[in-house]
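Colleague: Sharing a structure here in structure tokens format.
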Amino acid sequence: MKITVKYFGSVKDDAGLEMEIMEVPEGSSVSSIISMIKEERSGLSLRKNPLMFALNQNFCDGNRVLADNDELALFPVVSGG
Amino acid sequence: MKITVKYFGSVKDDAGLEMEIMEVPEGSSVSSIISMIKEERSGLSLRKNPLMFALNQNFCDGNRVLADNDELALFPVVSGG
Amino acid sequence: MIRIQEEPLDVEELIRSTRNAEAGAIVTFQGTVRKHSGSMEVTSLIYESYKEMALNAIHAIVDEAMVRYGVLDVNVVHRIGLVNIKEDSVAISVSSAHRREAFEACEYIIDSIKKKVPIWKKDVKPDGEAEWRD
Amino acid sequence: MIRIQEEPLDVEELIRSTRNAEAGAIVTFQGTVRKHSGSMEVTSLIYESYKEMALNAIHAIVDEAMVRYGVLDVNVVHRIGLVNIKEDSVAISVSSAHRREAFEACEYIIDSIKKKVPIWKKDVKPDGEAEWRD
């Protein structure tokens, strides 16, 4: 299935891109996709710790399983205001 | 000695005047002047309870003794804001 | 700026005077005239002050708040005379490096004004009658 | 009104939208850009948002605050892009019948925005370099 991954803040700079469409196995969880991005894909460096994430514009658990066309966002701790 | 007495808020309406110059005995305290106004002078009705007062634009104790030309103000509990 | 005036309050000007390059926060309180006083309907309020004393009292409250909370700037304007529904009777603006102090100082100042500043108000009812609120 | 915008904030408009004939109090918070970030001097901040999510998150915070504190109106605008020293990055205005709830709701909303809304900022230093603050 295809998902959209968006990067924000310093994570965007680390990743070197704002957004990409990824092909991931059916049943992939948020955590597994983040691991995949961190370890298996070249050209991306997600050093931020803690790395925050949101699925379809909502904070969620790392165990959440994605569906086709979902939007996963990765970013550092928020600092608005 | 002569003092100025000012009335504000509902106390002004009760007193029926805004301000007056009074001749009072040397050594008069705030409390004694208030009693004098309440009991001895005709045409003034200070029913407000508690009645608040200030001497020369500062809250003070009822025992405070006045000096010539002092300004005593009588008014109800404040309700600004 | 600490003022007591009959003119409508200019909150934009008040906030402008409170802005500060060292401030991360500005907290502004406006007291506004409500349509109801308890269960009674009102059309406006009439404020009266013992002006010299009220100005001194507000100055003392502001000086104390600035020391106690360590805020940067404080400005206060209280309106007197006739104030209609939805209009401001008082506005207080506080700037500080961090927001907590600005909130605390602003709340402290309005609480103190209500307790210590010689200003009184009359409710004006729909029939035009005005009654002291005390 | 809940908005995220690049344009400077119009706090007067924000407060006008918050006024309410049933309100006795309006409390407004403005987050302003400080000259210092810790011990470092800055000339401006650059804000970035995950806009769709940030708007949803602010809506959720405001809805919760209105129920929790029983306030009348809440309006929030957050600025993104380049914000200079002394300018507002965020403004929150709350009206309520009595002042306590307006103060509490306003403080709750800014605290929650800082914790839960996906917005990030970069400090811009005098040499022009910008660095994420996180």
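The values are calculated or read from the model by the stated rules, or taken from the named source; none is laboratory data. What you are looking at is a predicted structure, and each value in this text was computed from that prediction instead of being measured. Using ideal geometry, Cβ is built from the backbone for each residue, glycine included, and neighbour counts are taken over all protein chains shown.
Colleague: Exactly one condition in (1) out of contact with any helix residue (DSSP H, G or I) (no Cβ under 9 Å at 6 or more places or on another chain); (2) of a type in the set (S, T, N, Q); (3) modelled with pLDDT under 95; (4) over 20 Å from C:Ala54 (Cα atoms) is not met by B:Ser10; state its number.
Modeller: Unmet for B:Ser10, out of (1) out of contact with any helix residue (DSSP H, G or I) (no Cβ under 9 Å at 6 or more places or on another chain); (2) of a type in the set (S, T, N, Q); (3) modelled with pLDDT under 95; (4) over 20 Å from C:Ala54 (Cα atoms): (4).
Colleague: For the range B:23-51, name all the residues that are within 22 Å of C:Ala54 (Cα to Cα) and at pLDDT 95 or above.
Modeller: Listed by number, the list holds a single entry, B:Val30.
Colleague: Then there is this: What number of residues within the range D:71-96 are among the β-branched types (Val, Ile, Thr), within 13 Å of chain C (Cβ to nearest Cβ) and under 15 Å from the mean Cα position of the chain (by Cα)?
Modeller: Final tally of qualifying residues: 4.
Colleague: Between D:Glu104, D:Glu48, which is among the charged types (D, E, K, R), assigned to a helix (DSSP H, G or I) and touching a helix residue (DSSP H, G or I) at 6+ places or on another chain (Cβ under 7 Å)?
Modeller: Just one listed residue meets the conditions, D:Glu104.
Colleague: Can you tell me which residues in the range D:11-38 are part of a loop (DSSP other than H, G, I, E, B), more than 7 Å from chain C (Cβ to nearest Cβ) and loosely packed, with under 15 Cβ neighbours inside 10 Å? Quick ask: steps written out before the conclusion?
Modeller: So in the range D:11-38, the residues part of a loop (DSSP other than H, G, I, E, B) come out as D:19-24, D:33-35, D:38.
Checking which are more than 7 Å from chain C (Cβ to nearest Cβ) leaves us with D:20, D:33, D:38.
Within the range D:11-38, just D:Gly38 meets the criteria.
Colleague: A:Arg64: closer than 20 Å to D:Ala57 by Cβ, out of contact with any Lys or Arg (no Cβ under 7 Å at 6 or more places or on another chain) and among the basic types (Lys, Arg), yes or no?
Modeller: Details: closer than 20 Å to D:Ala57 by Cβ: yes; out of contact with any Lys or Arg (no Cβ under 7 Å at 6 or more places or on another chain): yes; among the basic types (Lys, Arg): yes.
So A:Arg64 fits the description; yes.
Conditions tested, residue by residue: (1) at pLDDT below 95; (2) among the aliphatic types (A, V, I, L, M).
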position	(1), (2)
D:Val11	no, yes
D:Ser17	no, no
D:Thr28	no, no
D:His36	yes, no
D:Ala57	no, yes
D:Ala60	no, yes
D:Asp63	no, no
D:Tyr69	no, no
D:Asn75	no, no
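Colleague: I'd like the full set of residues that are part of a strand (DSSP E or B) and either within 21 Å of C:Ser44 (Cβ to Cβ) or of a type in the set (Asp, Glu) (or both), limited to the range C:66-94.
Modeller: The answer is C:Asp73, C:Val77, C:His78, C:Arg79, C:Gly81, C:Leu82, C:Val83, C:Asn84, C:Asp88, C:Ser89, C:Val90, C:Ala91.
Colleague: Among (1) in contact with a strand residue (DSSP E or B) (Cβ under 7 Å, 6 or more places away or on another chain); (2) without any contact (Cβ under 8 Å) to a residue 12 or more places away in the chain, which single condition is C:Arg16 missing?
Modeller: All conditions are met except number (1).
Colleague: Filter the range C:95-108 down to the residues that are more than 19 Å from C:Glu13 (Cα to Cα) and either in contact with a strand residue (DSSP E or B) (Cβ under 7 Å, 6 or more places away or on another chain) or at pLDDT below 95 (or both) and list them by number. Working first, answer last.
Modeller: Going through the range C:95-108, the residues more than 19 Å from C:Glu13 (Cα to Cα) turn out to be C:97-101, C:103-105, C:107-108.
The answer is C:His98, C:Arg99, C:Phe103, C:Ala105.
Colleague: Can you name the residue in the range C:110-127 that is free of Cβ contacts under 8 Å to residues at least 60 places away in the same chain and of a type outside the set (D, E, K, R) and, of all such residues, is farthest from the other protein chains (Cβ to nearest Cβ)? Walk me through how you get there before you give the answer.
Modeller: So the first thing to find is which residues in the range C:110-127 are free of Cβ contacts under 8 Å to residues at least 60 places away in the same chain, and the list is C:111-116, C:127.
With of a type outside the set (D, E, K, R) added as a condition, the list becomes C:112-113.
Numbers: C:Ser112: 10, C:Ile113: 5 Å.
Ranking the qualifying residues of the range C:110-127, first place goes to C:Ser112.
Colleague: Let me ask another. Of all residues being among the small types (Gly, Ala, Ser) and in contact with a strand residue (DSSP E or B) (Cβ under 7 Å, 6 or more places away or on another chain) in the range A:29-81, which is nearest to D:Asp88 (Cα to Cα)? Just the residue, please. Can you show your working first?
Modeller: Restricting attention to the range A:29-81, the residues satisfying the condition of being among the small types (Gly, Ala, Ser) are A:29, A:31-32, A:35, A:42-43, A:45, A:54, A:62, A:67, A:73, A:79-81.
Next cut, in contact with a strand residue (DSSP E or B) (Cβ under 7 Å, 6 or more places away or on another chain) only: A:29, A:54, A:62, A:73, A:79-81.
Details: A:Ser29: 39, A:Ala54: 27, A:Gly62: 35, A:Ala73: 27, A:Ser79: 15, A:Gly80: 12, A:Gly81: 9 Å.
Filtering the range A:29-81 for residues that are among the small types (Gly, Ala, Ser) and in contact with a strand residue (DSSP E or B) (Cβ under 7 Å, 6 or more places away or on another chain), the one nearest to D:Asp88 (Cα to Cα) comes out as A:Gly81.
Colleague: Within the group A:Lys38, A:Lys48, which residue is surrounded by 12 or more Cβ atoms within 10 Å (Cβ to Cβ) and either touching a residue at least 40 places away in the same chain (Cβ under 8 Å) or touching a helix residue (DSSP H, G or I) at 6+ places or on another chain (Cβ under 8 Å) (or both)? So that I can check it myself, show each step before the final result.
Modeller: On the way: A:Lys38 fails: either touching a residue at least 40 places away in the same chain (Cβ under 8 Å) or touching a helix residue (DSSP H, G or I) at 6+ places or on another chain (Cβ under 8 Å) (or both).
After ruling out the rest, the residue left standing is A:Lys48.
Colleague: Could I ask something else about it? How many residues are farther than 17 Å from D:Ala60 by Cα and surrounded by 22 or more Cβ atoms within 10 Å (Cβ to Cβ) if we restrict to the range D:102-132?
Modeller: Final tally of qualifying residues: 5.
Colleague: Of everything in the range A:51-70 that's within 13 Å of the chain's Cα centre (by Cα) and touching a residue at least 60 places away in the same chain (Cβ under 8 Å), which residue is nearest to D:Val117 (Cα to Cα)?
Modeller: By that ranking, first place goes to A:Asp70.
Colleague: Name the strands (runs of 3 or more DSSP E) wholly inside chain A in which the number of residues that are of a type outside the set (Val, Ile, Thr), out of contact with any His (no Cβ under 9 Å at 6 or more places or on another chain) and away from chain D (no Cβ under 14 Å) is 3 or more.
Modeller: Working: elements: A:2-7, A:19-23, A:52-55, A:71-75.
Counting at least 3 such residues, we get A:19-23.
Colleague: Another question, if that's okay. Looking at the range D:77-94, I want the residues that are closer than 15 Å to D:Arg34 by Cβ and at pLDDT 95 or above and have a partner that is among the polar types (S, T, N, Q) and not in a strand (DSSP E or B) with Cβ atoms under 9 Å, at least 6 apart or on another chain. Which pairs are those?
Modeller: D:Asn84/D:Thr43; D:Ile85/D:Thr43; D:Lys86/C:Asn20
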